[in-house]
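Take a look at the structure set out below.
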Amino acid sequence: MMALDSRAFRHTMGLFATGVTLIAAQDGDETHCMTATAVASLSLEPMLALACIAKRARMAGFLEKAAGFSINLLRDDQQALSSYFAGAWQAATPPPFRLVPWQGGPRIEGCLAAIGCEVHAFVEGGDHWIVIGRVLALHRGIEPRRPLLFYAGRYRHADFAEGQAAPDLGWVEAPTHVYYDPWQET
């Protein structure tokens, strides 16, 4: 059995491939951005998205004051922006980028896609805040839409040469019943 500690947990969760995003928020003349991979859709009715922000991150305090934020999904050619806003940039000058005013929070020009949100709730989640945003705006970047991925502690790129469409399950019109039989030792 694997040791149950924070490092093992982080490495295990690192086997779940995620997209790479920049969270951006503006309060008056101040704009803050940070790299985040713990981002997800939460609800369709109402439309909600979430981002997990470390309590010790400057962004956590900033989001408490900001009215909204944007979740900017990065393209596979925007790895430098991820490194820069994660605080791992080594060069003397930042990589080129431009923030454009947008509903919810500033949007990274040229991103794969973006979701503009107003802050809906902060939920405590251990050493992180789960910041829930009510979706105000959506943006899809230009083709080709190739996401920057993060897997096993490294940036990755998707291979679009092969793939199989997922089945279209549509909306379930009738109630779904789930039956659970607990395992019992015989």
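The values are calculated or read from the model by the stated rules, or taken from the named source; none is laboratory data. Here the structure is a predicted model, which means the values were calculated and not measured. Glycine gets a Cβ as well: all are built from the backbone with ideal geometry, and neighbour counts include every protein chain shown.
Tabulated data
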| read-out | value |
| --- | --- |
| Out of GLU118, GLU124, GLU109, sole residue that is farther than 19 Å from HIS32 by Cα and out of contact with any helix residue (DSSP H, G or I) (no Cβ under 7 Å at 6 or more places or on another chain) | GLU124 |
| Breaking point among (1) part of a strand (DSSP E or B); (2) under 27 Å from ASP159 (Cα atoms), for HIS32 | (2) |
| From the options LEU74, LEU81, LEU50, residue that is touching a residue at least 12 places away in the same chain (Cβ under 8 Å) and in contact with a Phe, Trp or Tyr (Cβ under 9 Å, 6 or more places away or on another chain) | LEU81 |
| Those residues of the stretch 16-60 which are under 24 Å from PHE97 (Cα atoms), surrounded by fewer than 20 Cβ atoms within 10 Å (Cβ to Cβ) and over 15 Å from the mean Cα position of the chain (by Cα), in sequence order | ASP27, GLY28, ASP29, GLU30, THR31, ALA57, ARG58 |
| Residue under evaluation ALA60, criteria (1) part of a loop (DSSP other than H, G, I, E, B); (2) closer than 11 Å to VAL131 by Cβ, criterion not met | (1) |
| Test result for LEU50, under 21 Å from LEU149 (Cβ atoms), touching a Pro at 6+ places or on another chain (Cβ under 8 Å) and at pLDDT 95 or above | no |
| Output for the stretch 119-168, where each listed residue is among the charged types (D, E, K, R), more than 21 Å from PHE9 (Cβ to Cβ) and in a loop (DSSP other than H, G, I, E, B) | GLU143, ARG145, ARG146, ASP159, GLU162, ASP168 |
